[in-house]
Amino acid sequence: MSLLEFWIRNKKQLEDRQFRVGNVVFHIPYDRETRTYLNFKCQKCGHCCTVPRGLPLTFQDIRRLMIKLGYSSVDKFLSEECVYGVISMETVYPLNIPAKMLTWNLKRFKDETEDDLMIPHRCRFLKNGLCTIYDVRPMVCRKYPFYEFKAGGIVHAAYTSEEKSKCKGFFASRKFKPKLYVQFSKWLEQGWYEVVESLEYGLSHLIEPFVY
């Protein structure tokens, strides 16, 4: 069952259940009627790589990708591999917080422009169903299908609605499965601080802020 299907079918009886895994609090939808949680386990199906919108980069993403792709010049990397423009973040469950950010994005296809950023498109690094830069893929890819925010001094994470949502990784079960979220917890905590670092140093600029 996809996230969107679950949401539409069960919206009236959903509860926001919170579970702490590592240093991150996960907001997991709970269906009171069926007594099930919506869990996620990546199936490596590649669906999220075929329909992404803009792929915003952090300072650390740029550093990792430059090494992987053989660049020594930041300016050359940005001009050849990236596009600068505004991206709109999908609202997040359960807070429905929108955000727009002006930032550098990894090009999903060679001639991508700012006008293309919010149009779903297959990523050029997806070959034969596999990511060819998997070990240094952008943090936004690692965190999928989660979106992080900070509240009470703690990083929180919730499912985005970005997938629309045909990803095969979502499944309903009677128990929350914390082991599935251990690696996500590490990525989300790291990702939060990488985004904040990029904002502080002027790589990215918030137009509509999310929660700090």
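Readers should treat all values here as calculations from the given coordinates under stated rules, not as data from a laboratory. Owing to the predicted nature of the structure, the values given are computational and were not obtained by experimental measurement. Neighbour counts run over all protein chains shown; Cβ positions are idealised from the backbone, glycine included.
Here are some notes:
- Label-zone membership for segment 22-48, site Lys168, 7 angstrom Cα→C-beta point, backbone N under 20 Å: 38-48
- Between Arg124 and Lys175, the FRET efficiency estimated from the beta carbon spacing at R0 = 45 angstrom works out to 0.70.
- Comparing mean-square fluctuations of Ala99, Ala151, Ala172 from a GNM of the chain with C-alpha springs under 10 Å, the top value falls on Ala151.
- With helices as the sole contributors, the chain gives -7000 deg cm²/dmol at 222 nm; each DSSP H run of n ≥ 4 counts as -39500 (n - 2.57), and the sum is divided by every residue.
- Placing dummy labels 7 Å off each Cα toward the beta-carbon, the span from Ile67 to Leu206 is 2.9 nm.
- When only Cα pairs below 8 angstrom with a gap of at least 6 residues are kept, segment 3-208 shows a relative contact order of 33 percent.
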